[in-house]
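Report on the structure given below.
Readers should treat all values here as calculations from the given coordinates under stated rules, not as data from a laboratory. Quick caveat: nothing in here was measured; it's all calculated off a predicted structure. As a convention, Cβ positions derive from the backbone with ideal geometry for all residues, glycine included, and neighbour counts pool all protein chains shown.
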Amino acid sequence: MTLTIHRLSGTLGAEIHGANLLAGLSNADFNEIHQAFLDHKVIVLRGQHGLSPDQQKDFARRFGTLNIHPYVKGMDDHPELMEIIKEPDEK
């Protein structure tokens with residue numbers, strides 16, 4: 001799989017294109033994503049529709065141990081995951 005990484009701002013964030021978490025990632029592709037996370041502190045992987053909470057947790061565990069946030073409530077059945085929802089009309 002060919003990944004492309006585009007910086008979102010001068011100091012923080014990158015968008016990664018070409019990743020398909022449903023299909024799985026090779027170690028080389030994950031290492032590239034992990035390095036982008038280390039370099040940019042925030043990464044965006046759009047278009048990962050159909051990814052189950054368990055698949056999201058499996059991907060997240062490749063970065064390290066999952067934690068339950070002490071103040072922000074996670075999903076009922078998956079407290080390690082928090083939903084971030086932005087409606088189309090929101091900026």
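General remarks:
- Any chance Gly50 is over 13 Å from the mean Cα position of the chain (by Cα), within 20 Å of Glu83 (Cβ to Cβ) and part of a loop (DSSP other than H, G, I, E, B): yes
Each row is one residue, and each column tells you yes or no for (1) of a type in the set (Gly, Ala, Ser); (2) within 13 Å of the chain's Cα centre (by Cα); (3) in a loop (DSSP other than H, G, I, E, B).
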{"position": "Met1", "(1), (2), (3)": "no, no, yes"}
{"position": "Leu22", "(1), (2), (3)": "no, yes, yes"}
{"position": "Gln55", "(1), (2), (3)": "no, yes, no"}
{"position": "Ala60", "(1), (2), (3)": "yes, yes, no"}
{"position": "Pro70", "(1), (2), (3)": "no, no, yes"}
{"position": "Gly74", "(1), (2), (3)": "yes, no, yes"}
{"position": "Ile85", "(1), (2), (3)": "no, no, yes"}
{"position": "Lys91", "(1), (2), (3)": "no, no, yes"}
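- Restricting region 3-15 to residues that are touching a His at 6+ places or on another chain (Cβ under 8 Å) and part of a loop (DSSP other than H, G, I, E, B), the residue that is surrounded by the fewest Cβ atoms within 10 Å (Cβ to Cβ): Leu12
- Only listed residue being exposed (fewer than 14 other Cβ atoms within 10 Å of the Cβ), on the phi > 0 side of the Ramachandran plot, touching a Ser or Thr at 6+ places or on another chain (Cβ under 7 Å) and not charged (D, E, K, R), chosen from Gly24, Gly18, Gly47, Gly64: Gly18
- Among the residues of this structure, Ile33 counts as one that is surrounded by 12 or more Cβ atoms within 10 Å (Cβ to Cβ), out of contact with any Lys or Arg (no Cβ under 6 Å at 6 or more places or on another chain), among the aliphatic types (A, V, I, L, M) and not in a loop (DSSP other than H, G, I, E, B).
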